[in-house]
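First comes the structure, then the notes that go with it.
Nothing in this text is a laboratory measurement; each read-out follows from the coordinates by a stated rule. Keep in mind it's a predicted model, so treat the numbers as computed, not measured.
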Amino acid sequence: MQLKYRGTSYDPNALEAANASPCKPTPYILHYRGATYQATPKSETSAQPVQTITRQLIYRGNTYSVTRTVEIS
């Protein structure tokens with residue numbers, strides 16, 4: 001059975017075949033300051049323990065708050 005939407009024909013069987021095949025993650029090509037890097041996206045993320053560090057800083061009478069998040073390994 002062919003589907004039509006706004007003049008474009010679609011074959012529903014082609015969509016099922018595309019969804020059945022496993023897909024490899026495509027690496028990202030990144031460029032920074034003339035260097036090329038390649039990053040592969042992760043399919044799973046693992047929970048890493050993190051620690052939040054907050055510091056109160058005073059400079060010339062003004063108080064600043066700095067917060068950092070650090071991964072614990």
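Would you kindly state how much longer the chain becomes between Tyr5 and Gln48 on full extension, computed as 0.36 nm times their sequence separation minus their alpha carbon distance, in nm to one decimal?
Values: separation 43, 0.36 × 43 = 15.48 nm, distance 4.64 nm.
That pair, Tyr5 and Gln48, stretches by 10.8 nm at full extension.
From the phi of every residue in the range 51-68, what ³J(HN,Hα) in whole Hz does the Karplus formula 6.51 cos²θ - 1.76 cosθ + 1.60 yield, where θ is phi - 60° and glycine or proline is x?
10, 9, 10, 10, 10, 9, 10, 10, 9, 6, x, 9, 9, 10, 10, 10, 10, 10
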